[in-house]
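Report on the structure given below.
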Amino acid sequence: MNPLRLYSYILGISLLSLLPRHGSAQIIDTTIYTVVEHQPEFPGGGIALTEYLRSNVQYPSEAKQASISGRVFVSFVVELDGRITHIQLLKELGFGCDEEAIRVVKTMPRWKPGSQSGRPIRVKYNLPILFGVANPKRRGD
């Protein structure tokens, strides 16, 4: 047998041994879901998310001067490991509020990922962020 052909044959067999064996391959679902059994959750739940936003959102001076108030709607994907990616604005307000909303979402800690049939999945999440609006008091406040 030709030495080059023998070398190619041995290399081919060596590479085949690196492939996963039948049944051990893990398929990773890269789908981004919107409707799921269990939604992603901010660490500590909804009340903790509200507190996080209250203490981290800074009302931009441009918006204050123009007496702007309202909501910026931000969409993002909570990844399998809880990271926040694919941040997008769904509804803008302007006057620095949009940039502030994105900044706050980028600084969020990792979330508990959403799940379907007991497995973590990627989930698209929409979040309204209030600017210049008096936050309604919660029961018991």
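Any read-out appearing in this document is the output of simple, stated calculations on the displayed coordinates, not a laboratory observation. Remember, predicted model here, so these are calculated numbers, not experimental data. Using ideal geometry, Cβ is built from the backbone for each residue, glycine included, and neighbour counts are taken over all protein chains shown.
With θ taken as phi - 60° and the Karplus curve 6.51 cos²θ - 1.76 cosθ + 1.60 applied, the whole-hertz 3J(HN,Hα) list for the range 112-122 is 7, x, x, 9, 9, 6, x, 10, x, 9, 7 Hz, x standing for glycine and proline.
How much net charge surrounds I84 when only other residues with a Cβ under 10 Å from its Cβ are counted (Lys, Arg +1; Asp, Glu -1)?
Residues near I84 contribute +2 overall.
For the range 41-134, averaging the sequence separation of C-alpha pairs within contact (under 8 Å, six or more residues apart) and dividing by the residue count gives a relative contact order of 38 percent. Near P113: Cβ cut-off under 14 Å, other residues only, Lys/Arg at +1 and Asp/Glu at -1. The net charge is +1. Full extension of the chain between Y59 and V35 gives 5.4 nm of extra length, using 0.36 nm per residue less the Cα-Cα distance. Distant-in-sequence amide contacts of I121, defined by a placed amide H-H separation under 5 Å and a gap of 5 or more residues or a different chain, comprise G114, S115, Q116.
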